[in-house]
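Only one structure is covered here, and it is reproduced in the block below.
The values are calculated or read from the model by the stated rules, or taken from the named source; none is laboratory data. Every value quoted in this text rests on a predicted model; they were computed, and no experiment measured them. When we count neighbours, we look across all protein chains shown, and the Cβ atoms used for this are built from the backbone with ideal geometry, even at glycine.
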Amino acid sequence: MAEAITLFKAKPKYYIRKSPIFYEFPEPLTQGVLSILKLVKLISILIILACSIYLIMFAISSAPKWKPTEHTTPKPQTSMCSGKALCIVGRVTAVINGDTLEINGIRIRLALVNTPEKGEPGYNEAKEFTKKVCAVGVSAIADQDDGQPYDRYNRVVAKIICEGVNLNAELLENGFAKILTSYCSKSEFRTEWWARKYGCG
C-alpha cells in the first residue's frame, strides 16, 4: 500500500480501488476516457448553445408585431363604405369649418353639403355644430364620393360618419347647410335619403 501511495505522488496515474488492492488503468484506456469526456463536454456545450438560439428565435417570433393603426394612411374600400373609392377610417384631427374637417390629418370636404363661408351668417353656428357631432378625437369614417372623389382644392370629397352619426345628413336636418344641387348628377350619394330630401330628388 505504501508503495502505491509513493508511486502516485511521483507520477500521477488513474487507479480504481477494489478493496483491498488498487488496480491501475492502462495508459491508452485512460487517454480514451479523457477524450470521450472532452467530446461529451463539447457536445453538451453545443446542445446548450443550440437551445439558447432556439429560445431567442422563439421569443422574437412570439413578440407582438407592429400593425397599422387607425391613425395611419387611408385604407382600401371596406364594408363600412360603399363604392370603390377610398374608405378613410380613423379619428377627427381638426374641424376647419362646417363642411370641412380632417381625419388622420387628411382634409375632407363633405359631399353635396354646403355650409356658410367665413363672414357669412350662420358660419360660426355650422362650425360649432360640426365640432359637436365630430369632435376632435372621436372615431370617424370618410366614404369618398366615387362620382366626385376630389374637389378643385384637391380635398377628398366624402360622406362622413362620426361614431355612427351621418354628419352630411345632420347638418341638413338641423338647418346648418344646404344641398349642392349642381353636383347631384355626379355624386355617388345622390340617391341617399338625405340627398333626395333636400334637393337631389
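A compact table of results
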item	result
The stretch 142-198, residues that are assigned to a strand (DSSP E or B) and more than 13 Å from Asn114 (Cα to Cα)	Ala142, Asp143, Gln144, Tyr150, Val156, Ile160, Ile161, Cys162, Val165, Asn166
Residue match in the stretch 90-105 (condition: in contact with an Asp or Glu (Cβ under 6 Å, 6 or more places away or on another chain), modelled with pLDDT of 50 or more and within 22 Å of Glu192 (Cβ to Cβ))	no
Pair list, Cβ under 6 Å, 6 or more apart: the stretch 181-201 residue closer than 12 Å to Gly147 by Cα, other residue aliphatic (A, V, I, L, M) and not in a loop (DSSP other than H, G, I, E, B)	Phe189/Ala195
Breaking point among (1) touching a Gly at 6+ places or on another chain (Cβ under 8 Å); (2) modelled with pLDDT of 80 or more, for Leu112	(1)
Filter pass, Gly83 being touching a residue at least 60 places away in the same chain (Cβ under 8 Å), of a type outside the set (Lys, Arg) and part of a loop (DSSP other than H, G, I, E, B)	yes
Counted residues, the stretch 118-138 - those being hydrophobic (A, V, I, L, M, F, W, C) and part of a loop (DSSP other than H, G, I, E, B)	4
Filter result (surrounded by fewer than 18 Cβ atoms within 10 Å (Cβ to Cβ) and either of a type in the set (Lys, Arg) or within 18 Å of Val136 (Cα to Cα) (or both)) within the stretch 146-165	Arg152, Arg155, Glu163, Gly164, Val165
Hey, Leu101 among the aliphatic types (A, V, I, L, M) and either more than 31 Å from the chain's Cα centre (by Cα) or in a loop (DSSP other than H, G, I, E, B) (or both) or not	no
